[in-house]
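Notes to accompany the following structure.
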Amino acid sequence: MGTALVHDEEMTRYKLLWFDPACAIETPERLTVSHEALVRTGLAARCVPTPVREASDDDILLVHSKEYLDAVKKTPYMTLDDLKEFTLHYGDVYFHPNIYHCAKLAVGAALQLVDAVMTGKVRNGMALVRPPGHHSMRSAASGFCVFNNVAIAAKYAQQKYAVQRVLIVDWDIHHGQGVQYAFEDDPSVLYFSWHRYEHQEFWPNLRDSDYDCVGKDKGAGFTINVPWNKIGMQNSDYLAVFCHVLLPVAYEFCPELVLVCAGFDSAIGDPEGEMCATPDIFAHLTHLLMNLAGGKLCAVLEGGYNLTSLSQSVCLTVQSLLGDPPPRPTELQGPCQSALESIQCVRSAHSKYWSCLQHAAERPPSDVSTKLEASGEARVIKADLVWPQPARHLPPAFCTAALIPEDLLCPLGCFRFPWDPHSQRDVDVSTWSSLTALVRRLEKNEIRNGLALVSDVSMAMAHVFGHTPKQRVVVVCVGDTEVLSGLPEDGKTLTVHFSKEALDKPRCKYYIPVCLKKSLMQATCSLLLPLSYQYDPDLVLLARVPGSHMGQSEWQQLVGLLQGLAGGHMLVLIQEGEKALVGPTASSLSGSPASSLEPLPAPGAEDIEALESLKWQLTTDWKLLQTSAQCKEFTACCGTKAATT
Ligand code: Q6M
Ligand code: ZN
């Protein structure tokens, strides 16, 4: 399906012409190093090169006023003094004789990307642009931004392709107030932003950036602000927000297009953000969004001022867009106290708008509020920031192996197993030993993933475990049949079993039965993902047994999302009676986007109750499940990262 890369050197041809420390970080090199890194790593060559174009006046007028456009149009003819004077009307932005041209190309690049994705030329893509866009408002430039590239792209997609619902994910470390204002009363565009806030001490210092600004009128609930009130946020803080805020709401919203304000000043080493999330995290953030909207995702560059972490982060984003498995997440802890306070506040502010968050109201912030000084120590940021160079990983040559009976057609995109890609045949062709051979290939990274249709999932599992002594495995079972009697309970496996009838009681922290009537996406986002990320398996084993209410698209979402773990190594076992799932499973394993879900039904009170109490019981062992800040006494005795380090 392909990944578009929109890029044009012309956008490097403007720069700051006078002394202004606030603007000095926004340099042409930002674009050059990002593009060079994509070329050097071979990623650019794997993308579909897509030319930019100049946005038309009508495109720009989708978001901006005629007066503002006319004013910007005059800048190419201004003297240096005129430009300086013009710049003074706005905050933290500079003009240059060529910036109007570049700003038109930046908008045009975003629109070209939307065209490529919406016409089905590619599945997804990234546009490398300057100037950025998310701060610019109807009649004002701001924060290095001239025209609002992503806001215009959203309106354009709605107008040209009749897209009903657009999700905008703004992971830049600044609040994209321009995007927020463009859609604050519009329920057809869900705007999510996290941003360094520090109780309004950080630029752009707006009251409108806090968690309780949720949108207006019909758009109430369709603006989600996650303020970071401390610097030094880490991978686990970002992942927690995705699992407990963004993803559940996004699945409920059910977008038809996802746009990302892809700023990388939220990565470690950035002088503006001062956060500690590593470039790897962007591979995961991208991956987690890639199965929404039938895979239609357009990432448009915003900020990012540390040239090293910027270019690494850009590469990791594009790598995920291309379908490579994200690198293993490194040593995830739980979110820090300040992040938990923000998460709790956002969830509670949105509980009346989203049924997936309705229970959050029952645990309102008690003595905590981001209005107050956050509890816990500030993290100390090391003076010399170093982070590991992202591993130059090689995806296995073979993606998906299918171990299925001879009379079944091999699904598209798979190869039939047993079969030796290195030309020495697998000798034994009986199902059990073929299964063992397949697992060994996964272990050796010769094959990325596989699926097997088996007569008895329990026996198949026993077999797999008999032959993978060293591996840590996340086992996910779906269906109403008990299969797990023989599983090791020594921490070498973490098992989550989804059923609609109660099967079993939790036996230990590594065995988690989840009995739900519906709300399966919900449980996947806010329970299964955090557990699995924290466990960090070498292999994911997904088993489908008879008797389940999980529909085909939910199943595909599950298959897609779980591929973010274990370097993409996943084995799917399907019990014979569930033959119809072989095709859809194979399709997701070989990288096709999951089919879109229907807008989600409101979860029943029973489900919510079950899920919440399960999470509550498990949080002591699994910190990534936390969604509320503890009282200070609790923090003092049980310890959190902030308190113990
Ligand atoms: C803030 C000075 C405070 C695209 C972007 C632009 C950020 C503008 C920052 C303005 N300067 N130290 O969001 O990255
Ligand atoms: Zn930024």
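The values are calculated or read from the model by the stated rules, or taken from the named source; none is laboratory data. What you see is a predicted model; the values in this text were computed from it and never measured. Because the Cβ atoms are built from the backbone with ideal geometry, glycine has one as well, and the counts that use them run over all protein chains shown. Calculation scope for accessible area: heavy atoms of the full protein, side chains included, ligands and nucleic acids excluded. Shrake-Rupley method; radii C 1.70, N 1.55, O 1.52, S 1.80 Å.
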Given the structure, is residue 142 assigned by TED's automatic domain parsing to the domain that holds residue 297, within 16 Å of ligand 2 (Cβ to nearest atom) and over 24 Å from residue 51 (Cβ atoms)? yes
Please go through (1) open to solvent by less than 30 Å² (accessible area, probe 1.4 Å); (2) in contact with a strand residue (DSSP E or B) (Cβ under 7 Å, 6 or more places away or on another chain); (3) among the aromatic types (Phe, Trp, Tyr) for residue 94 and return the number of the only condition it doesn't satisfy. (2)
Quick check on this structure: which one of 138, 53 is away from ligand 1 (no atom under 16 Å from the Cβ) and either under 22 Å from residue 204 (Cα atoms) or modelled with pLDDT under 95 (or both)? 138
In the list 310, 340, 322, 301, which residue meets the criterion of being closer than 29 Å to residue 591 by Cβ and either more than 16 Å from ligand 1 (Cβ to nearest atom) or free of Cβ contacts under 8 Å to residues at least 60 places away in the same chain (or both)? 322
List every residue pair whose Cβ atoms lie under 7 Å apart, where the two residues are 6 or more positions apart in sequence or sit on different chains, the first residue falls within region 194-217 and is of a type in the set (Asp, Glu), and the second residue, located anywhere, is open to solvent by 60 Å² or more (accessible area, probe 1.4 Å). 217/185
Let me spell it out: the conditions are (1) open to solvent by less than 10 Å² (accessible area, probe 1.4 Å); (2) within 16 Å of ligand 2 (Cβ to nearest atom), and residue 241 meets all of them except one. Which number is the exception? (2)
Inside region 592-633, can you point out the residues that are open to solvent by less than 30 Å² (accessible area, probe 1.4 Å), among the aliphatic types (A, V, I, L, M) and closer than 22 Å to residue 287 by Cβ? 594, 597, 624, 625
Flagged in region 564-585 as in contact with a Pro (Cβ under 7 Å, 6 or more places away or on another chain) and either farther than 25 Å from residue 334 by Cβ or open to solvent by less than 10 Å² (accessible area, probe 1.4 Å) (or both), in numbering order, are 564, 565, 566, 568, 575, 577, 578, 582, 583
Within the bounds of region 112-119, is there any residue that is within 16 Å of ligand 2 (Cβ to nearest atom) and among the hydrophobic types (A, V, I, L, M, F, W, C)? no
